[in-house]
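Heads up: the structure comes next, in structure tokens.
The values are calculated or read from the model by the stated rules, or taken from the named source; none is laboratory data. Since the structure is predicted, the reported quantities are computational estimates derived from the model, not experimental observations. FYI the Cβ positions are ideal-geometry reconstructions off the backbone, even for glycines, and counts take in every protein chain you see.
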Amino acid sequence: MVALQSIEDELFLSKVSIFRGHKLIVDEISFRLPAGGICLIQGPNGAGKTSLLRVVAGFLPASAGVLSLGAHLFNPIKSILPIWYIGAPFGFHPSLTAAKNLSQIASMRNLSLPIDDSFRIKDFADQPLRTLSSGQLQRLALSQLLLRKDSYTPDLWLLDEPNSALDSYHCLILETMIEEHLRSGGRVIAATHQPLCEHLSPEIIQLEARK
């Protein structure tokens, strides 16, 4: 009898390699991410941090290796594990206002706009995206994680430099959100140059830039 895939199964990356053109940028990376787990991808620019996140999100194919959820191959597009890829300004339209962009994303994912304005989006809600600062763009991107659904699902958050351009107040908001998410069984993989949730003892995957 074949075991059914469970949303609580362990996510496993086994010897994942990524080429950009003919150049190897990520070489046989392996790690496990259980429900409630956090993993930080670190390394210099060009080391493949964003590429690795995009492979897990299903935006790029792995050149080699296997992704699995429990005993099953992990297909990000069809998986029962919901995924949020957050990388400002990924998924936003530059001509629309901050509020309209957030509203469109909520509509596409059948979610409701947040009541919680932890990232103070109302301060620039009516401004077109192209006029926003990098810090405002980051706050708007992270506000997607506050969109509401009918029932809680322990999503996988893929965060690309999530604390970049944030002030200390909003960094604290972000870390509090991540801690609550993990406590509820969610998972986080974050690519970051900066310390993030060190008190949670995240697993660290160190990538190296290749010549």
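Are there any strands (runs of 3 or more DSSP E) wholly within segment 29-107 with 1 or more residues that are more than 13 Å from residue 156 (Cα to Cα) and of a type in the set (Val, Ile, Thr), and if so which?
Numbers: elements: 38-42, 64-69, 83-86.
Filter on segment 29-107 gives 38-42, 64-69.
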Inset, instruction - Considering only residues that are at pLDDT below 95 and among the aliphatic types (A, V, I, L, M), look in segment 146-165 and name the one that is surrounded by the fewest Cβ atoms within 10 Å (Cβ to Cβ). - result: 165
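Mind checking which residues of segment 119-172 are aromatic (Phe, Trp, Tyr) and assigned to a strand (DSSP E or B)?
Kept after step one, since they are aromatic (Phe, Trp, Tyr), are these residues of segment 119-172: 119, 124, 152, 157, 169.
157, the sole residue that qualifies.
Select, from 60, 33, the only residue that is in contact with a Cys (Cβ under 9 Å, 6 or more places away or on another chain) and among the aliphatic types (A, V, I, L, M). Step through it out loud before you land on a result.
Working: 60 fails: in contact with a Cys (Cβ under 9 Å, 6 or more places away or on another chain).
The unique qualifying residue is 33.
Within segment 9-28, how many residues turn out to be assigned to a strand (DSSP E or B) and either crowded, with 19+ Cβ neighbours inside 10 Å or touching a strand residue (DSSP E or B) at 6+ places or on another chain (Cβ under 6 Å) (or both)?
So in segment 9-28, the residues assigned to a strand (DSSP E or B) come out as 11-20, 23-28.
Of the ones still in play, those that are also either crowded, with 19+ Cβ neighbours inside 10 Å or touching a strand residue (DSSP E or B) at 6+ places or on another chain (Cβ under 6 Å) (or both) are 11-18, 25-28.
Adding up the residues that qualify gives 12.
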Inset, instruction - Evaluate the following for residue 116: is it touching a residue at least 12 places away in the same chain (Cβ under 8 Å) and part of a loop (DSSP other than H, G, I, E, B)? - result: yes
Inset, instruction - Output the number of residues of segment 173-189 satisfying the condition of being over 12 Å from the mean Cα position of the chain (by Cα) and in a loop (DSSP other than H, G, I, E, B). - result: 2
